[in-house]
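Enquirer: First the structure, then my questions, so here it is.
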Amino acid sequence: MSTPPLPIRAAVLTVSDRCSRGQATDTSGPALCELLRTRLGAEISHTRCLPDEADQLSAIFVEWSDPAAAIDLIVSTGGTGLAPRDVTPEAARRVLEREHPALMELARIRCLETTPRAFLSRGVAGTIGRTLILTLPGSPRGATENLEAILDVLPHAIETLRGEVQDDGRPDAAAHTGRVVTHKD
């Protein structure tokens, strides 16, 4: 009898000068929270809205990735475009321990059929410790379409980061959570 999967603990960061000043309403962050809850069964542990300031963004990525926070997935929305103040990818790269470009490449490729503008996003993905970070576009449509494009691979990515996937041939591997997942493929 296998143990049920642990819920994914997620945090959603909205990056917007206008929303952080109360001059606009954040619709992307709540849309991502809803998508994470309904499609991944995720628990949303933190949400926040910050201005396009690289130091603040880097600091929140580090804070939320602390092992004590126990956050599996950080999803940011905004600041990934070509505007001069779009600095989310740079802020993330400052603190990522390992980049994972293929995740955002997959999102852009899968979104291409809907809109070639998906390739205007400079979003990045990577990890700090056992936390996966995804930086998504700022519009509600762009953010949700990019996240939906990779939802099918995120549970396995989280299981792997947690140390639950034991099918990689390491005889001395031990699950971080006490749960072991074996995939036949």
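Enquirer: Could you identify the single residue in 127, 182, 177, 160 that is hydroxyl-bearing (Ser, Thr, Tyr), at pLDDT 95 or above and either farther than 24 Å from residue 27 by Cα or in contact with a strand residue (DSSP E or B) (Cβ under 9 Å, 6 or more places away or on another chain) (or both)?
Expert: On the way: 182 fails: at pLDDT 95 or above; 177 fails: at pLDDT 95 or above; 160 fails: at pLDDT 95 or above.
Only one candidate passes the filter, namely 127.
Each row is one residue, and each column tells you yes or no for (1) more than 16 Å from residue 144 (Cβ to Cβ); (2) part of a helix (DSSP H, G or I); (3) among the acidic types (Asp, Glu); (4) at pLDDT below 95.
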{"site": "3", "(1), (2), (3), (4)": "yes, no, no, yes"}
{"site": "10", "(1), (2), (3), (4)": "no, no, no, no"}
{"site": "14", "(1), (2), (3), (4)": "no, no, no, no"}
{"site": "19", "(1), (2), (3), (4)": "yes, yes, no, no"}
{"site": "35", "(1), (2), (3), (4)": "no, yes, no, no"}
{"site": "58", "(1), (2), (3), (4)": "yes, yes, no, no"}
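Enquirer: Now a separate question. Within region 100-128, restricting attention to residues that are crowded, with 16+ Cβ neighbours inside 10 Å and among the charged types (D, E, K, R), which residue is farthest from residue 150 (Cα to Cα)?
Expert: So the first thing to find is which residues in region 100-128 are crowded, with 16+ Cβ neighbours inside 10 Å, and the list is 100, 103-104, 106-108, 110-111, 118, 121-128.
Then keep just the ones that are among the charged types (D, E, K, R); that gives 108, 110, 122.
Working: 108: 10, 110: 8, 122: 16 Å.
Among them, the one singled out is 122.
Enquirer: What about residue 27, is it under 17 Å from residue 148 (Cα atoms), in contact (Cβ under 8 Å) with a residue 40 or more places away in the chain and of a type outside the set (Phe, Trp, Tyr)? Lay out the reasoning, then the answer.
Expert: Values: under 17 Å from residue 148 (Cα atoms): yes; in contact (Cβ under 8 Å) with a residue 40 or more places away in the chain: yes; of a type outside the set (Phe, Trp, Tyr): yes.
Judged against the criteria, residue 27 is a match.
Enquirer: Being crowded, with 24+ Cβ neighbours inside 10 Å, more than 16 Å from residue 114 (Cα to Cα) and either of a type in the set (D, E, K, R) or in contact with a Pro (Cβ under 9 Å, 6 or more places away or on another chain) (or both) is the filter here, so list the residues in region 133-152 that pass it.
Expert: Once the filter is applied, which keeps residues that are crowded, with 24+ Cβ neighbours inside 10 Å, more than 16 Å from residue 114 (Cα to Cα) and either of a type in the set (D, E, K, R) or in contact with a Pro (Cβ under 9 Å, 6 or more places away or on another chain) (or both), region 133-152 yields only 135.
Enquirer: Suppose we filter 42, 92 for residues that are closer than 16 Å to residue 14 by Cα, in contact (Cβ under 8 Å) with a residue 24 or more places away in the chain and among the hydrophobic types (A, V, I, L, M, F, W, C); which single one remains? Full working, then the answer.
Expert: Working: 42 fails: closer than 16 Å to residue 14 by Cα.
Exactly one residue qualifies, and that residue is 92.
The values are calculated or read from the model by the stated rules, or taken from the named source; none is laboratory data. Everything numeric here is computed off the predicted structure, so don't read it as measured data. Neighbour counts are summed over all protein chains in view; Cβ atoms, including those assigned to glycine, are modelled from backbone coordinates with ideal geometry.
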